[in-house]
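Okay, structure first, notes after.
The values are calculated or read from the model by the stated rules, or taken from the named source; none is laboratory data. If you're wondering where the values come from, they're calculated on a predicted model, not measured in any experiment. Cβ atoms come from the backbone with ideal geometry, glycine included; neighbour counts cover every protein chain shown.
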Amino acid sequence: MYLDNGETLHPSRDYKVGRGEPRYVCSIPVTLQRFLRFGPFATRGVSLDVSLRGMSALVCGAPRVGETVVIALPLPLAPVEMLATVCHSSDAKTGFAFYPLSPIAQLGIQDWIHELKKHEETLFPNPYMHATKVVSD
């Protein structure tokens, strides 16, 4: 729970752990195109969370840290492709930081995040949502 200067309660749904943008939990199939010595190579995975600046995913065949990849997301309105750098990678999960997004990709991810927020509020309602105002002495 967060109290602002006006002493009103605010819901806190996003989680931010040393990141510039909040991440939202989601799991959709992703396709990763890697550029290896023998040419481009596509691999599949599933997303774990997403933000406007990056995402994490479970990927078949973990890419190397620092590698540049193309991530394809089958978003509800239209599929989106974006360039990303691998920030961390293990057999468990891989973290990606997006390069600056095209306007179409940014709009697609923003709409997707908006839908994730709505879905999250219905599944996990904030118990303090109906509190009115905190009175101080």
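Of the residues LEU77, LEU32, only one is under 27 Å from HIS114 (Cβ atoms), at pLDDT 80 or above and either in a strand (DSSP E or B) or among the hydrophobic types (A, V, I, L, M, F, W, C) (or both); which?
Residue meeting the stated conditions: LEU32.
Filter the range 101-121 for residues that are exposed (fewer than 15 other Cβ atoms within 10 Å of the Cβ) and among the polar types (S, T, N, Q); which is nearest to ILE28 (Cα to Cα)?
Checking each candidate, the answer is GLN110.
Of the conditions (1) under 13 Å from ARG23 (Cα atoms); (2) surrounded by 18 or more Cβ atoms within 10 Å (Cβ to Cβ); (3) out of contact with any Lys or Arg (no Cβ under 9 Å at 6 or more places or on another chain), LEU52 satisfies every one except a single condition; which number is it?
(2)
Can you name the number of the only condition in (1) modelled with pLDDT of 90 or more; (2) among the aliphatic types (A, V, I, L, M); (3) outside any strand (DSSP E or B); (4) closer than 12 Å to ILE109 by Cα that MET55 fails?
(3)
Got at least one residue in the range 97-104 being aromatic (Phe, Trp, Tyr) and at pLDDT below 90? Walk me through how you get there before you give the answer.
Going residue by residue through the range 97-104, those that are aromatic (Phe, Trp, Tyr) are 98-99.
Those still in the list that are at pLDDT below 90 too: none.
Within the range 97-104, not a single residue is aromatic (Phe, Trp, Tyr) and at pLDDT below 90.
So which residues in the range 58-74 are outside any strand (DSSP E or B) and more than 16 Å from SER27 (Cβ to Cβ)?
GLY61, ALA62, PRO63, ARG64, VAL65, GLY66, GLU67
When you look at ARG44, is it touching a Cys at 6+ places or on another chain (Cβ under 9 Å) and modelled with pLDDT of 90 or more, yes or no?
Spelling it out, ARG44 is indeed touching a Cys at 6+ places or on another chain (Cβ under 9 Å) and modelled with pLDDT of 90 or more.
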